[in-house]
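Every read-out reported here was derived from the displayed coordinates using simple, explicitly stated rules and does not represent laboratory data. Since we're looking at a predicted model, the values are computed, not measured. Glycine gets a Cβ as well: all are built from the backbone with ideal geometry, and neighbour counts include every protein chain shown.
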Amino acid sequence: VTVSCQEICFLMISALCINLGKGKTELHEPERSSKIDDFVQNVASEYKPDIVFSQDAYATKHLEKITTNLSNNIEGSRFVLKKNVINENTKDHVGIFLNEKIYQIIDIENECRKVLENKRVANADFFNEDKRAVLVLAKTIIGGQKFLLSSFHAKKNKINDLQREKHIIEFFSYLEGVAEHVKPDHILVGSDTNHRMKLFERRTKTKTFCVKVLLYDYPENCERKIKERNVYDFFMVSPGLIPTSADPVVFNVDPAILDHHPLFMSFEYPVSNTTSNTTSNTTSNTTSNTTSNTTS
């Protein structure tokens, strides 16, 4: 959808970020996955995300259902999943579901490997849990805008706050290094940082990163807010991506189904008038409902 058009036009991209971890629940996995399927179907039908970022432990067969549910509930779409498996036993993963009807996926595996190799010349332990971030270069089929996308799940256990802060900074450095190689127009990250990012921002205020963490607070009626849980899930964007709302939509899903609250957000990005004329009928759709920052 073209938002405005003079010499420069603004197009839109939308994303869902969902941590699939079960936390502490008495639900058996088949029942839990069935309820997650219902949630994905409803969000797909109403919000029509172009991209879905996922994290945490979830069986491969259930991830495949998410791909199907997205494709079946967003008209004219065909979603595929790109993922890294962090732990084969638990199926802990980071994933990106993309609509192939909108994006061409470009292989950047060599570029990612080269960046890690170069960084590790000076620091052998640089981002040594690199499977915690999956990076994908997606190019709009019409218009050729390139998006460097990443789903990131920061380490939680057997690590203190200062070590995790270093871990997150190394992820940013890795992301920036890959961006220097592949030259994207924009960068978009969906993340579970397992970290208090407001504190992180204060501690790193003299540093410059390639993306900005979009900070927010849980709405008052959210379960995690009521239980005084920290906000850990965030979108991160490069400067050219402009959020269309102050805060993401926060889905107040029962903690027995999802330990974290999923997020949805839309973003505008500028393109030339010539480009927008060829993309206006093929870029992402958003709904009027995205102005609300809480969904039960």
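Full extension of the segment from E7 to N123, taken as 0.36 nm per residue of separation minus the current Cα-Cα distance, would add 37.2 nm.
Among beta bridges from DSSP that stay inside the chain, the antiparallel ones total about 75%.
Going by the alpha-carbon gyration tensor, a ≥ b ≥ c the square roots of its eigenvalues, is the chain rounded (a/c under 1.5) or, if a/c is not under 1.5, prolate (a/b greater than b/c) versus oblate?
Verdict is rounded for the chain.
Counted residue by residue at 0.36 nm each, then reduced by the alpha carbon distance between them, the extension gain from V80 to N273 reaches 66.5 nm.
The mean sequence distance of close C-alpha pairs (under 8 Å, at least 6 residues apart), as a share of the length of region 1-81, puts its relative contact order at 33 percent.
Legend: residue pairs K24/K119; K48/K212; K91/K183; K156/K212, Cα-Cα distance threshold 29 Å; pairs beyond threshold, K24/K119; K91/K183.
Computed on region 15-127, with alpha-carbon pairs under 8 angstrom and 6+ residues apart, the relative contact order is 24 percent. Hydrophobic long helices, here whole DSSP H runs in the chain with Kyte-Doolittle means of at least -1.0 and Cα atoms spread over 24 Å or more along the helix axis, are found at 161-182. By its C-alpha gyration tensor, with a ≥ b ≥ c as the square roots of the eigenvalues, how is region 1-64 shaped: rounded for a/c under 1.5, else prolate for a/b larger than b/c, else oblate? Cα axes put region 1-64 in the prolate bin. Across the chain, Cα pairs under 8 Å and at least six residues apart give a relative contact order of 27 percent. Going by the alpha-carbon gyration tensor, a ≥ b ≥ c the square roots of its eigenvalues, is region 65-130 rounded (a/c under 1.5) or, if a/c is not under 1.5, prolate (a/b greater than b/c) versus oblate? Taking the square roots of the gyration eigenvalues as a ≥ b ≥ c, region 65-130 is oblate. Modelled this way, with points 7 Å down the Cα-to-C-beta line, the labels at K156 and N221 are 2.6 nm from one another. FRET efficiency for the E26 to R202 pair, using the beta carbon distance and R₀ = 41 Å, is estimated at 0.60. Taking 12 Å as the straight-line reach from the Cα of K35, the aspartates and glutamates in range (excluding those fewer than 8 positions away in the same chain) are D254.
Fully extending the segment from K139 to D38 would add 33.4 nm, taking 0.36 nm per residue of separation and subtracting the current Cα-Cα distance. Spin-label pair E64-E88: with each label point 7 Å from Cα along the Cα-Cβ axis, the two points sit 1.9 nm from one another.
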